[in-house]
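The values are calculated or read from the model by the stated rules, or taken from the named source; none is laboratory data. Remember, predicted model here, so these are calculated numbers, not experimental data. Every residue, glycine as well, gets a Cβ built from its backbone with ideal geometry; the counts of neighbours run over all protein chains shown. Surface accessibility is based on the protein's heavy atoms, side chains included, excluding ligands, DNA and RNA. Shrake-Rupley method; radii C 1.70, N 1.55, O 1.52, S 1.80 Å.
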Amino acid sequence: MNYTQLKAAIIAYTENQDDAFEAEVPVFVKQAEQRIFNMVQFPSLRKNVTGSTSSSNKYLACPSDFLSAHSMAVVDNVTGAYEYLLNKDVNFIRQAYPVPSSVGFPKYYALFGPRSDDVNELTFILGPTPNAAYVVELHYFYYPPSIVDAGTSWLGDNFDSVLLYGSLVEAYTYMKGEVDIMQGYDMKFKEAVALAKRLGDGLERSDSYRSGQFRLPPLPQNRGVT
């Protein structure tokens, strides 16, 4: 489902062709996308970037489309080995390494807060403060381009039901629609989210060799009345 098809479906389901309503459809869709991306962690919507630390600088910038961290590794300059850092709270790192000038090979990282030059972007803090420039590989979940702006998206191509019903919930909220219809759309959205979580948080993170084949328990046999 592309954006043109999605917009047409929203208008058809709500039976609302008012110009003011149509103008708000992009908002409904983007609000639904934001909810979905924060409810389900699709491995398909994860990517990795490489960067580098600076000697004696304990901070590391987040990517501009960062949503949440999956893992962070620092590459040893001598051996080339990947050393995965443990995610901790900022207060843990401050307590463990109270003197920022004490440097070493990083072992921990935490989401620190907004950058000083851009409050809309985040930074990581490392512990201990890096003693050299190291290559860093970050795997993270991100906000992909909206289907509104790109015309197509991973959700629209692979899981359009959750996107459609999420958008309908937002649209009907805007319309201040009837409670029973709102509850119906919300129920369909939750059903679609449950299926999406089964994929993103379940099937895409397992295989038959590691997890065993999926099995439903057999139905109890009807032994009749004795």
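Tell me whether segment 56-63 contains one or more residues that are in a loop (DSSP other than H, G, I, E, B), open to solvent by 80 Å² or more (accessible area, probe 1.4 Å) and small (G, A, S).
Initial filter on segment 56-63 (in a loop (DSSP other than H, G, I, E, B)): 56, 58, 62-63.
Now drop any that are not open to solvent by 80 Å² or more (accessible area, probe 1.4 Å), which leaves 56.
Retained after the next criterion (residues that are small (G, A, S)): 56.
Scanning segment 56-63 turns up at least one residue that is in a loop (DSSP other than H, G, I, E, B), open to solvent by 80 Å² or more (accessible area, probe 1.4 Å) and small (G, A, S).
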With respect to T123, determine if the residue is in contact with a Cys (Cβ under 7 Å, 6 or more places away or on another chain) and part of a strand (DSSP E or B). yes
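Picking from Y172, Y134, Y143, which residue would you name as being in contact with a strand residue (DSSP E or B) (Cβ under 8 Å, 6 or more places away or on another chain), open to solvent by less than 60 Å² (accessible area, probe 1.4 Å) and among the hydroxyl-bearing types (S, T, Y)?
Details: Y172 fails: in contact with a strand residue (DSSP E or B) (Cβ under 8 Å, 6 or more places away or on another chain); Y143 fails: open to solvent by less than 60 Å² (accessible area, probe 1.4 Å).
Y134 is the lone residue from the list that is in contact with a strand residue (DSSP E or B) (Cβ under 8 Å, 6 or more places away or on another chain), open to solvent by less than 60 Å² (accessible area, probe 1.4 Å) and among the hydroxyl-bearing types (S, T, Y).
Kindly establish whether V78 is at pLDDT below 95 and either open to solvent by 40 Å² or more (accessible area, probe 1.4 Å) or in a helix (DSSP H, G or I) (or both). Before the answer, list the steps.
Details: at pLDDT below 95: yes; either open to solvent by 40 Å² or more (accessible area, probe 1.4 Å) or in a helix (DSSP H, G or I) (or both): yes.
Yes: the conditions hold for V78.
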Taking the criterion of being open to solvent by 80 Å² or more (accessible area, probe 1.4 Å), modelled with pLDDT under 95 and outside any helix (DSSP H, G or I), would at least one residue in segment 90-105 satisfy it? yes
For segment 71-95, give me each residue that is hydrophobic (A, V, I, L, M, F, W, C) and over 16 Å from Y59 (Cα atoms). V75, V78, A81
Give the residues of segment 49-64 that are modelled with pLDDT of 90 or more and more than 27 Å from S102 (Cα to Cα), sorted by residue number. V49
Picked from segment 146-161 (must be β-branched (V, I, T) and in a helix (DSSP H, G or I)), the residue most open to solvent (accessible area, probe 1.4 Å) is V148
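Going by the conditions given, is E24 surrounded by 14 or more Cβ atoms within 10 Å (Cβ to Cβ), at pLDDT 90 or above and over 28 Å from R198 (Cβ atoms)? Steps first, please.
Details: surrounded by 14 or more Cβ atoms within 10 Å (Cβ to Cβ): yes; at pLDDT 90 or above: yes; over 28 Å from R198 (Cβ atoms): yes.
For E24, the condition - surrounded by 14 or more Cβ atoms within 10 Å (Cβ to Cβ), at pLDDT 90 or above and over 28 Å from R198 (Cβ atoms) - is met.
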Kindly indicate which of L67, L6, L85 is modelled with pLDDT under 95 and of a type in the set (A, V, I, L, M, F, W, C). L67
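Looking at segment 23-55 only, could you name the residues that are charged (D, E, K, R) and not in a helix (DSSP H, G or I)? Steps first, answer last, please.
To start, the set of residues in segment 23-55 that are charged (D, E, K, R) comprises 24, 30, 33, 35, 46-47.
R46, K47, listed by residue number.
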For segment 62-97, which positions are closer than 26 Å to F42 by Cβ, among the aliphatic types (A, V, I, L, M) and touching a residue at least 24 places away in the same chain (Cβ under 8 Å)? L67, A69, M72, A73, L85
